[in-house]
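Okay, structure first, notes after.
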Amino acid sequence: MRVWGYPDRRSLLISTGDSIDTVEWPSGSVPTEVYVEASSYASFFIDSRYLLLYYTGVDCNTIPPTKYIVDRVPQAEIYFTFVEVDMDMDGVKDDYYREGPVTEETRPGGFIVLNDDDDNNNETPDKDEGGVVAGEDDLVKIILRKVVPTDIQGVVTLNAIAGGSKIKVWESATKGTLVTLPKIYATPTELPKELWVEGVETSSTARDITLALQCGGFDDRIRATVFDVDLLVNNTTAQTDDYVVMQKSADEREIPKNWPVGAPDNHIPMKVHLEGPSGFSCKVKLTTNSGGGEIIIKKTDGSQYPAEGESVTVGTDLLVRIFGTLPSTDLDDVIITVKTDKTNDRICAQEDLTVIYVYSFKMLFRGSPYQGEALTACSTAKFTDFQPWRQDQVGKFIYHKPTGGNFDVASYQMEFNILPTPHKVISDVEWDIKREASAAYWGPGTDPRPRTVFKGETDWADDDSANADEDLTQCPDCKKIFVIDCPGWGDSNGGLSYTMGYKYSEKNKFREWVEVKIGNDWFVCSQYREWRSIMHVKFEDAATGWIEDTSKTNEIVVGTISGFAGSWSEN
């Protein structure tokens, strides 16, 4: 109990626990009135000089001070009962500050997160839905407790006396039945009562919402602020760019060929965005939960995001970076969870992510060891689309002899079928398979034949001018993308005549890698996969044309050739 000299809680006369306490005034200066504030059942006695307070020790919620007129009850003993009207909100302490009369229920009050996520994944913000919302986890519980003493029979009224448009009250943690305010409950028969408060509009000023539980002339009030935390992956609100590529290893390409390019280290930017009253701030904690893929979150200076969180203020976004460290096994299997110092252990936002990568062993090369095997059934990039006389088989030496016996085309055929991780159709991204090469040839002619560098004399050269050899839409069945190639040589003019003893040799080395477009930017998402093609052919006769020179190595296989074309010899 506290006894005050004034109704605005000035001049504290007595503040005591379970004991008897007194305050003495000089003769002739006894106040005409005092104001009693309850924290338990009590009685007190007033005479001309003393105010005596008798405590029963029964806990009671605080209520506004009640005035007692001293000069009307001189030398009299007054007995009275304090009525407790109590409403509690999760995360809000139900007591006074030690240094003053303001309760924590009113300052700082409660904090409610705007319910603008989509817990039931139906592409509608939860705050815009009625009825039960499966998976809903953003509502805050309040408890309307029985009026004490419990033998008091009557009604209590729950009302939003300020800011009612910014909240809704529901019967269940997953919404269900809407409670229209003001709402009357019988005490004690309908109490205690659990209800859940939803934030539907952010606060314009701090504590601009006031919930009151009223009973007669008594009430308990909780003030609240609605705020919102958004995680803007790739600095946008779009859900179609919530992907991150696994961090590169030392032997991976730094910059994609496509443009525009993302960060060379494959990080994805993310903004932590706070909405609420001007100047409102809180400490934001970010944690990750993995169902397969894994990420780490770093600050822009490269340091680890601190476990205790970082302070964020309305109007100033916090910039962080996301790095993938392990590819996902399913879509959206990495969850970033947001908690704040205003919401204790309650989750106030989360973001689902997918970590993308293409392992080199998932880039299956099919060449000479697979000679004669058909192209992968679901690939729509076919050799016969280039020239109808080809065969849709891998590892084959193909020679097409035109009318008149002149050399037309001699080549090999290969296929890459590439399975991204996770093994799902990732429809929100764009894929590309890039290739570079170094190549040289000798002939056609008779020995000695000089070397001619076709491309990549001292370094890798681009070899990706065509797109018809790629199938970049993931197959819905096998989830793969494909690329084919048929390195070789041809006399497209058909005007040269050859005789027995003419030879032609060609060496090529290639490297392929995969790039992925997330949002507006391209990223390298695989290691290099190198392969080579070596072909030696000779002219047999006009009837037969060109055949493989089996005295030398002819192959199209995984592997490389040392150096570059400017330093190669024929054998």
Filter pass, Leu191 being open to solvent by 40 Å² or more (accessible area, probe 1.4 Å), farther than 30 Å from Glu351 by Cβ, in contact with a strand residue (DSSP E or B) (Cβ under 6 Å, 6 or more places away or on another chain) and assigned to a loop (DSSP other than H, G, I, E, B): no
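Given the structure, is Gly372 free of Cβ contacts under 8 Å to residues at least 24 places away in the same chain, assigned to a loop (DSSP other than H, G, I, E, B) and open to solvent by 20 Å² or more (accessible area, probe 1.4 Å)?
Numbers: free of Cβ contacts under 8 Å to residues at least 24 places away in the same chain: no; assigned to a loop (DSSP other than H, G, I, E, B): yes; open to solvent by 20 Å² or more (accessible area, probe 1.4 Å): yes.
No, not satisfied.
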Unique residue being among the β-branched types (Val, Ile, Thr), open to solvent by 10 Å² or more (accessible area, probe 1.4 Å), free of Cβ contacts under 8 Å to residues at least 12 places away in the same chain and within 30 Å of Asp541 (Cβ to Cβ) when the list is Thr452, Thr384, Thr446: Thr384
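Please work out which residue is surrounded by the most Cβ atoms within 10 Å (Cβ to Cβ), limiting yourself to segment 300-310 and to residues that are over 21 Å from Ser249 (Cα atoms) and not hydroxyl-bearing (Ser, Thr, Tyr).
Of segment 300-310, the ones over 21 Å from Ser249 (Cα atoms) are 305-310.
The next check asks that each one be not hydroxyl-bearing (Ser, Thr, Tyr); those that pass are 306-310.
Details: Pro306: 11, Ala307: 8, Glu308: 8, Gly309: 19, Glu310: 14.
Here the residue is Gly309.
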Restricting segment 343-356 to residues that are open to solvent by 10 Å² or more (accessible area, probe 1.4 Å) and not hydrophobic (A, V, I, L, M, F, W, C), the residue that is modelled with the lowest pLDDT: Asp345
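Taking the conditions exactly as written (surrounded by fewer than 19 Cβ atoms within 10 Å (Cβ to Cβ) and part of a loop (DSSP other than H, G, I, E, B)), does Thr202 satisfy them or not? Quick ask: steps written out before the conclusion?
Details: surrounded by fewer than 19 Cβ atoms within 10 Å (Cβ to Cβ): no; part of a loop (DSSP other than H, G, I, E, B): yes.
Answer is no for this residue.
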From Thr384, Thr354, residue being at negative phi and in a helix (DSSP H, G or I): Thr384
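Per-residue answers, yes or no, for (1) modelled with pLDDT under 95; (2) among the polar types (S, T, N, Q); (3) closer than 28 Å to Met363 by Cβ; (4) surrounded by 16 or more Cβ atoms within 10 Å (Cβ to Cβ):
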position	(1), (2), (3), (4)
Asp464	yes, no, yes, yes
Ala468	yes, no, yes, no
Gln474	no, yes, yes, yes
Ile481	no, no, yes, yes
Ser492	yes, yes, no, no
Thr499	yes, yes, no, no
Tyr502	yes, no, no, yes
Asn508	no, yes, yes, yes
Yes/no for Glu530 being within 43 Å of the chain's Cα centre (by Cα), open to solvent by less than 20 Å² (accessible area, probe 1.4 Å) and within 30 Å of Val429 (Cβ to Cβ): no
Which numbered condition Glu430 misses (of (1) within 30 Å of Leu326 (Cβ to Cβ); (2) acidic (Asp, Glu); (3) surrounded by 15 or more Cβ atoms within 10 Å (Cβ to Cβ)): (3)
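So, in segment 104-145, how many residues would count as being small (Gly, Ala, Ser) and either open to solvent by less than 20 Å² (accessible area, probe 1.4 Å) or under 16 Å from Val197 (Cβ atoms) (or both)?
Within segment 104-145, the subset small (Gly, Ala, Ser) is 109-110, 130-131, 134-135.
Going one step further and asking which of them are either open to solvent by less than 20 Å² (accessible area, probe 1.4 Å) or under 16 Å from Val197 (Cβ atoms) (or both), we end up with 109-110, 130.
So the count comes out to 3.
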Sole exception among (1) out of contact with any strand residue (DSSP E or B) (no Cβ under 7 Å at 6 or more places or on another chain); (2) farther than 30 Å from Thr313 by Cα; (3) of a type outside the set (D, E, K, R) for Thr205, by number: (2)
Conditions (1) farther than 30 Å from Ala162 by Cα; (2) crowded, with 16+ Cβ neighbours inside 10 Å; number of the one not met by Phe227: (1)
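This table checks each residue for (1) more than 18 Å from the chain's Cα centre (by Cα); (2) in contact (Cβ under 8 Å) with a residue 60 or more places away in the chain; (3) surrounded by fewer than 16 Cβ atoms within 10 Å (Cβ to Cβ); (4) not in a strand (DSSP E or B).
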residue	(1), (2), (3), (4)
Pro277	yes, yes, no, yes
Val284	no, no, no, no
Asn289	no, no, yes, no
Val312	no, yes, no, no
Leu319	no, no, yes, no
Asp332	no, yes, no, yes
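For segment 241-275, which positions are in a strand (DSSP E or B) and either open to solvent by less than 10 Å² (accessible area, probe 1.4 Å) or of a type in the set (D, E, K, R) (or both)? I'd like the intermediate steps shown before the answer.
As a first pass, look at segment 241-275 and keep what is in a strand (DSSP E or B): 243-246, 261, 268-275.
Scanning segment 241-275 gives Val244, Val245, Ile268, Met270, Lys271, Val272, Leu274, Glu275.
Can you confirm whether Trp522 is of a type in the set (Phe, Trp, Tyr), touching a residue at least 24 places away in the same chain (Cβ under 8 Å) and within 19 Å of Gln413 (Cβ to Cβ)? Steps first, please.
On the way: of a type in the set (Phe, Trp, Tyr): yes; touching a residue at least 24 places away in the same chain (Cβ under 8 Å): yes; within 19 Å of Gln413 (Cβ to Cβ): no.
Taking the combined requirement at face value, the residue does not satisfy it.
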Members of segment 167-225 found to be within 13 Å of Ile142 (Cβ to Cβ) and aromatic (Phe, Trp, Tyr), listed by number: Trp170, Tyr185, Trp196
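Could you list, in sequence order, the residues of segment 162-175 that are part of a strand (DSSP E or B) and either surrounded by 15 or more Cβ atoms within 10 Å (Cβ to Cβ) or modelled with pLDDT under 95 (or both)?
Initially, segment 162-175 is screened for residues part of a strand (DSSP E or B), giving 162, 167-172, 175.
Matches in segment 162-175: Ala162, Ile167, Lys168, Val169, Trp170, Lys175.
Just to be sure before I move on: is Ala440 at pLDDT below 95 and either open to solvent by less than 50 Å² (accessible area, probe 1.4 Å) or over 13 Å from Phe510 (Cα atoms) (or both) in the structure I sent?
no
The values are calculated or read from the model by the stated rules, or taken from the named source; none is laboratory data. It should be emphasised that the depicted structure is a prediction, and the values quoted were computed from it without experimental measurement. With ideal geometry, Cβ positions are generated from the backbone for all residues, glycine too; neighbour counts draw on all protein chains shown. Note: areas computed on protein heavy atoms with side chains; ligands, DNA, RNA excluded. Shrake-Rupley method; radii C 1.70, N 1.55, O 1.52, S 1.80 Å.
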